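Nothing in this text is a laboratory measurement; each read-out follows from the coordinates by a stated rule. Fair warning: this is a prediction, and the values are worked out from it, not measured in the lab. Please note: Cβ atoms are built from the backbone with ideal geometry, for glycine as well, and neighbour counts cover all protein chains shown.
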Amino acid sequence: MVTKIFVTRKIPDAGIEMLKAPGYEVKVSDKDGVLTKDELIAELKTGEYNAVLCLLTDKIDTEVLDAAGPKCKIFANYAVGYDNIDVEEARKRDIFVSNTPGVLTETVAEYTISLMLSLVRRIPEADKFVRAGEYHGWAPMLLMGSGLAGKTLGVVGLGRIGARVAHHAVRGFDMKVIYYDVNRNADFEKEYNAGYRADVDHVLTDADFVSIHVPLLDSTKHLINDARLQLMKNSAYLINTSRGPVVEEAALGRALKAGTIRGAAIDVFEFEPKIDSLLTELDNIVLTPHIASATEETRGKMSELAAQNILEALSGNIPPNVIQAQG
């Protein structure tokens, strides 16, 4: 019996070659874009796959899991997040769910700092200005921005990525750091002379920059909303490279337009790929298309890690990055 694996979208070849090496039959969706739910269900029903390598853009709910059938051992998510998968329903069906943590920590942290610099130094605005033929020589007041040194970075969510962003901020730019997390980290505080805040609100009131690094949970949806944006300094900046729905997009647009905060940079959106129209009209926000982990090195490692999770599951082992084990 041939072991069959379905990959819902083209990903870097490294992981695909790993899956083919044992002789497994690997089918990669040839659709240029995300499969609809009906398309995914139809493919799973006809293909009778032993494993599925899915993406964050794939909604893996009860119907999709049922379509996968009893042969399917694992849904390996090509992402750190996994809120697109109903993990509990997968567990009931003895299907593993895995993710790809760790390999994108440095890349996303670097990108977060890049967004901060682009925002405060107004780099996208400057690029647009030059391309439009509006540059007619140096001027002392032209496109003045702000700096990072000596400013306070507020980290909301001190996981791997949040901690690494703080590292770069302190070591690279002499910033001060405060943070909120459900778990206090005394070692982190000592190493970076960081200040702990017992709730999100006190990070927002005290920080010059607020960087969001929380998972998407019921408790974090719209964590940043109208009321919390009002708590921030009118000179402050918001950066989000976590998950789109953590920030209430309409509220952010209102705050930016009104000058409640000075600026924002976001790589993720509440209703991806749709974007609140007000945000696209504003100059005090940097918008990028969910590319914080988009380096050749990192996306390749994610591909390999997802493949390794599948190989272990098909060998009868618990995948190294299992979200919830069988049973």
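Its Cα centre serving as origin, the chain has a Cβ charge dipole (Lys and Arg +1, Asp and Glu -1) of approximately 440 debye. Three principal axis extents describe the C-alpha atoms of region 105-287; from largest down they are 52, 34, 28 Å. Cα axis of helix 160-173 to longest principal axis of the chain: angle in degrees, 0 to 90, nearest 10? Approximately 30 degrees, to the nearest ten.
Placing unit charges on the Cβ atoms only, positive for Lys and Arg and negative for Asp and Glu, gives region 105-287 a dipole magnitude near 300 debye about its Cα centre.
Among THR152, THR241, THR36, a tally of other beta-carbon atoms within 10 Å of each Cβ gives an order, fewest to most, of THR36, THR152, THR241. Counting other Cβ atoms within 10 Å as a rough exposure proxy, the listed residues LEU153, LEU231, LEU223, LEU158 run LEU231, LEU223, LEU158, LEU153 from fewest neighbours to most. Our helix-only sum for the chain, with -39,500 (n - 2.57) per DSSP H run of n ≥ 4 divided by its residues, gives a mean residue ellipticity at 222 nm of -11000 deg cm²/dmol.
How much of the calculated P(r) for the chain lies past 28 Å, in percent of all Cα pairs? Value for the chain (Cα pairs over 28 Å): 47 percent.
In a DSSP loop and with at most 10 other Cβ atoms within 10 Å, there are no trypsin sites (Lys or Arg not before Pro) in region 88-129. With the charge dipole of region 1-151 set up from +1 on Lys and Arg Cβ and -1 on Asp and Glu Cβ about the Cα centre, the Cα lying farthest toward the positive end among the listed residues ALA68, PHE96, GLY15 is that of GLY15.
Net charge around PHE96, counting only other residues with Cβ within less than 11 Å of its Cβ (Lys, Arg = +1; Asp, Glu = -1)? That works out to +1. Among THR288, TYR192, ALA258, flag the residue with its Cα farthest along the positive direction of the charge dipole of the chain, charges on Cβ as +1 for Lys/Arg and -1 for Asp/Glu. Checked the options; the winner is TYR192. Among ILE261, ILE178, the order by Cβ neighbours within 10 angstrom, fewest to most, reads ILE178, ILE261.
Both numbers refer to the Cα atoms of region 1-151; Rg and Dmax are 22.4, 73 Å. Using C-alpha pairs under 8 Å with a sequence gap of at least 6, the mean separation divided by the residue count of the chain gives a relative contact order of 20 percent.
Sites listed here are GluC sites (Glu not before Pro) in region 188-278 whose DSSP assignment is loop and whose Cβ has at most 15 other Cβ atoms within 10 Å, and the list is empty.
Using alpha carbons only, the radius of gyration of region 227-318 set against its Kirkwood radius gives Rg/Rh = 1.18.
Take the Cα of ALA126, step 7 Å toward its Cβ, do the same at LEU142, and the gap between the two points is 1.0 nm.
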